[in-house]
1. If the only charges are +1 at each Lys and Arg Cβ and -1 at each Asp and Glu Cβ, what is the size of the charge dipole of the chain around the Cα centre, to the nearest 20 debye?
2. Based solely on C-alpha atoms, express the radius of gyration and the Dmax of the stretch 85-160 in angstrom.
3. Run through every distinct alpha carbon pair of the chain and return the Kirkwood hydrodynamic radius in angstroms, one decimal place.
4. To the nearest 20 Debye, how big is the dipole of the stretch 1-96 about its Cα centre, given +1 on the beta carbon of each Lys and Arg and -1 on that of each Asp and Glu?
5. Using only DSSP helix segments of four residues or longer, with each worth -39500 (n - 2.57), what per-residue ellipticity at 222 nm results for the chain after dividing by its residue count and rounding to 500?
6. Taking 8 Å as the Cα distance limit and 6 or more residues as the minimum spacing, I'd like the relative contact order of the chain as a percentage.
7. If you build the Cα gyration tensor of the stretch 76-127 and take the root of 5 times each eigenvalue, what three semi-axes come out, in whole angstrom, biggest first?
8. From the P(r) of the stretch 1-59, could you give the percentage of C-alpha pairs in the tail past 18 Å?
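FYI, it's all coordinate maths here, none of it is from the lab. All figures in this text were calculated on a predicted structure; none of them were measured in a lab. Heads up, the Cβs are rebuilt from the backbone with ideal geometry, glycines too, and the neighbour counts pull from every protein chain shown.
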Amino acid sequence: MGVSISFISATTEELDRAEKDPSWAEQHVSDLYGVDYPLPDRLDCGPAKAFGGLQFLFDEAEVSLEFVMDGFQIQDDGTLFGWTAEQIDSVARELRATPWARLAAHYDPERMAKEDVYPNMWTFDPDGQLDRLESAYEDLVAFFCAAAERGYGAFMNFSF
């Protein structure tokens, strides 16, 4: 299965409650991904396993988004984070200002493999992996921009 990151939109009220009651938050997020998924009023996106490659590109392009450092921790085990509407808006603005070409210019499958960037599949199919990163980036931009436009925050799941 591996390590994966996903986002689902959240209201300010949900994030406030989650911060005060992490056990509620865990169940609530699980319910959001439950039987009726995807919910029509919820925005969601990966980037799933592409987060490591995207993080490498963000770092190299000096884009200030850090999946495992931004937001606020809800679960002590580091599996659930909250991102406020203000954080979502800030990231959306930065992503809007960052064209894919700026990130792609830093794609270096040999270096990423040498540095063991997760999921370290870079040299097996370099072009295919770059396409996967671009698709994950486009989904991420669409999520953050739509969530910002609607005034949402988000829950971020970090599963391993």
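1. Roughly 180 debye, rounded to the nearest 20.
2. In order Rg, Dmax, the Cα atoms of the stretch 85-160 give 14.5, 41 Å.
3. When all Cα pairs of the chain are included, the Kirkwood radius is 16.1 Å.
4. For this selection, approximately 280 debye.
5. Helices in the chain give a 222 nm mean residue ellipticity of -15000 deg cm²/dmol.
6. Relative contact order for the chain comes out at 42 percent.
7. Working: eigenvalues 154, 75, 10 Å².
Equivalent ellipsoid of the stretch 76-127: 28, 19, 7 Å, largest first.
8. Numbers: 798 of 1711 pairs.
Result: 47 percent of Cα pairs exceed 18 Å.
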